[in-house]
Structures are given as C-alpha cells and as structure tokens.
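Everything below concerns the one structure shown next.
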Amino acid sequence: MLDTGLLIIRLVIGLTFVGHGAQKLFGWFGGYGLKGTGGWMESIGIKPGVFAAGMAGLVELLGGIAFAVGLFTPIAAILLSLTMVMAIVKVHGQNGFWSTSNGYEFNLILIAVFVGVALIGAGQYSIDALLQ
C-alpha cells in the first residue's frame, strides 16, 4: 500500500509540475510561454526574465517528469523544492500564510511532500527501485 500511495503522490504532483513547466516554456495549458512569463518575472524583479523563465520551466518540466517516474527522486525533489522557495520569496511570502490571500500555504505543502518523498524514497513502483 505504501508503494501505491507514493506512486499516486509522485504522479499527481510530478505531472502537475510538468504542466507548469510546459506553460512557461511553450505556452501550453493556458500559459504565457517564455516571453510572457519572462516579462512577468522581470516585473517582480527577477532579471533577466526570459532566462529565469526558461530555467524555471526546465526545472519544473524535467523535475516533474523525474519526480513522477521516480528517477533520481531526491535530486528532483530538491530542485522542485527550490522553485517553491523562490515562489515564496518572490511572490507569496509577502501575502502571509493562507492561500486565500495568495500566501505561501500551498508552496509549503508542496515542499513538505517533496522532502517527505525524498526522505522515504520513491517506492517500489519507480525507476529508482529498478536501478538499485
């Protein structure tokens, strides 16, 4: 049961991050692509914006894939956690804790999931398990 639970967590959260990465990189799923996301990043003080959008998009896309399939899970979890830390520092932290006020509540929950999965492992249904 533990391995099935880890698989569900990894798939849902990992594939969600794949979608966020695709929004930033390609403008898919209602995203703004590199240029639009880069412009928004510059507006909140992250420069150069297009480069930052590209890096964030790559981490979300590739990290999301790796997390979903359970490949190098601790590394993927750390990289995705860092994107959430940056979201807290640059966007959500100033709004307090609660998501209802655009706060960092959800970002912190995601960090907890990433750290938890990294500490206990990706489970039997993962590429990491096949590589052991």
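The values are calculated or read from the model by the stated rules, or taken from the named source; none is laboratory data. All of these numbers come straight from a predicted model, not from anything done at the bench. Because the Cβ atoms are built from the backbone with ideal geometry, glycine has one as well, and the counts that use them run over all protein chains shown. Ligands, DNA and RNA are stripped out before the accessible areas are found, and what is left, the full protein with its side chains, is counted by its heavy atoms. Shrake-Rupley method; radii C 1.70, N 1.55, O 1.52, S 1.80 Å.
Selection of first residues in segment 91-112 that are surrounded by 13 or more Cβ atoms within 10 Å (Cβ to Cβ) and of second residues that are acidic (D, E), restricted to Cβ pairs under 8 Å at least 6 apart or on distinct chains, gives the following pairs, ordered by first then second residue: S99/E105.
When restricted to residues that are in a helix (DSSP H, G or I) and either in contact (Cβ under 8 Å) with a residue 24 or more places away in the chain or over 16 Å from the mean Cα position of the chain (by Cα) (or both), segment 46-56 contains 6. Among the residues making up segment 46-58, those that are under 23 Å from V113 (Cα atoms) and either at pLDDT below 95 or surrounded by 20 or more Cβ atoms within 10 Å (Cβ to Cβ) (or both) are A56, G57.
Condition test on G70, is it in contact (Cβ under 8 Å) with a residue 24 or more places away in the chain and on the phi > 0 side of the Ramachandran plot?
Yes; evaluated as a whole, the condition is true for this residue.
The set of residues in segment 15-45 that are assigned to a loop (DSSP other than H, G, I, E, B), at negative phi and open to solvent by 30 Å² or more (accessible area, probe 1.4 Å) comprises Y32, I44.
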